[in-house]
Amino acid sequence: MKHPSSLLPLGLLCLLLGQAAPAQADETAACPALLQYTFPRLQDEKPQSLCQYAGKVLLVVNTASYCGFTGQYKGLEALYAQYRNQGLVVLGFPSNDFAQETGNNQQIAEFCENTFGVKFPMFAKTSVSGADASPFYRQLAELSGQKPRWNFYKYLISRDGRVLASYSSLSTPDDKDLLNTLQQALAAH
């Protein structure tokens, strides 16, 4: 007899287990390998393929509601608003890996919207570090040589899915090096 989990599609099984699922094969043809993952959206937990952001410059950030760096939400939203028409997408991944994101997805979504007016895409609470890190974050760490050491760690990804740089939590969204690299990535078509 087959195990019940073997009867579920991989994406559904991963969502039920709270893990990122690989993107579907038909979505992957024009999608860089790094983006071939699906995560539940924070607000309603509907699956979202990261492939929808292929061709964009991405700033991937692990976030937390109760951290000394939480105020960076404001700067991240400003960065997104300023550069989104040029192709920037900020992707937020709330994480409790550092014990500063204790709420559930609905509470996190309400906090981000009500406190900081966050409009950039946010995903369900995700593990970003250690043995339980999502495959996407494990790949980011491998490609950059850096894993998140704290909340608001940032990875900048080019339009073709390459990790261009990573930035510590101390690097704010208006950091000169981050902005310079971001502007260069946006100018590259």
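The table that follows gives values for the structure above.
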{"quantity": "Subset tally (residues that are closer than 20 Å to Ile108 by Cβ and in a loop (DSSP other than H, G, I, E, B)) for segment 31-73", "calculated": "13"}
{"quantity": "Members of segment 144-172 found to be touching a residue at least 60 places away in the same chain (Cβ under 8 Å), surrounded by 16 or more Cβ atoms within 10 Å (Cβ to Cβ), more than 21 Å from Tyr66 (Cα to Cα) and not hydroxyl-bearing (Ser, Thr, Tyr), listed by number", "calculated": "Leu156, Ile157, Arg159, Gly161, Val163"}
{"quantity": "Ala188 being loosely packed, with under 14 Cβ neighbours inside 10 Å, aliphatic (A, V, I, L, M), touching a residue at least 24 places away in the same chain (Cβ under 8 Å) and under 23 Å from Cys51 (Cβ atoms)", "calculated": "yes"}
{"quantity": "Test result for Asp132, surrounded by fewer than 14 Cβ atoms within 10 Å (Cβ to Cβ), out of contact with any Phe, Trp or Tyr (no Cβ under 7 Å at 6 or more places or on another chain) and of a type outside the set (Gly, Ala, Ser)", "calculated": "yes"}
{"quantity": "Set Glu113, Glu77: member being in contact with a Phe, Trp or Tyr (Cβ under 8 Å, 6 or more places away or on another chain) and over 28 Å from Ala30 (Cβ atoms)", "calculated": "Glu77"}
{"quantity": "Residues being closer than 19 Å to Lys176 by Cβ and modelled with pLDDT of 95 or more - total across segment 57-71", "calculated": "3"}
{"quantity": "Residues located in segment 39-75, provided they are crowded, with 23+ Cβ neighbours inside 10 Å and either of a type in the set (A, V, I, L, M, F, W, C) or farther than 21 Å from Tyr167 by Cβ (or both)", "calculated": "Phe39, Leu42, Leu50, Val57, Leu58, Leu59, Val60, Val61, Ala64"}
{"quantity": "Any chance Ala99 is surrounded by fewer than 16 Cβ atoms within 10 Å (Cβ to Cβ) and without any contact (Cβ under 8 Å) to a residue 24 or more places away in the chain", "calculated": "yes"}
{"quantity": "Scope segment 80-102; condition touching a helix residue (DSSP H, G or I) at 6+ places or on another chain (Cβ under 8 Å), at pLDDT 95 or above and under 24 Å from Ala141 (Cβ atoms); matching residues", "calculated": "Leu88, Val89, Val90, Leu91, Gly92, Phe93, Pro94"}
{"quantity": "Any hit, segment 154-164, residues being under 18 Å from Tyr37 (Cβ atoms), touching a Lys or Arg at 6+ places or on another chain (Cβ under 9 Å) and at pLDDT 95 or above", "calculated": "yes"}
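Condition check ((1) over 16 Å from the mean Cα position of the chain (by Cα); (2) of a type in the set (Gly, Ala, Ser)) across all residues:
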residue: Val90; (1), (2): no, no
residue: Pro94; (1), (2): no, no
residue: Gln100; (1), (2): yes, no
residue: Gly103; (1), (2): yes, yes
residue: Ala109; (1), (2): no, yes
residue: Cys112; (1), (2): no, no
residue: Phe116; (1), (2): yes, no
residue: Ser168; (1), (2): no, yes
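The values are calculated or read from the model by the stated rules, or taken from the named source; none is laboratory data. Quick caveat, the model's predicted, so the values are computed rather than measured. Note that we place each Cβ from the backbone using ideal geometry, even for glycine, and neighbour counts take in every protein chain shown.
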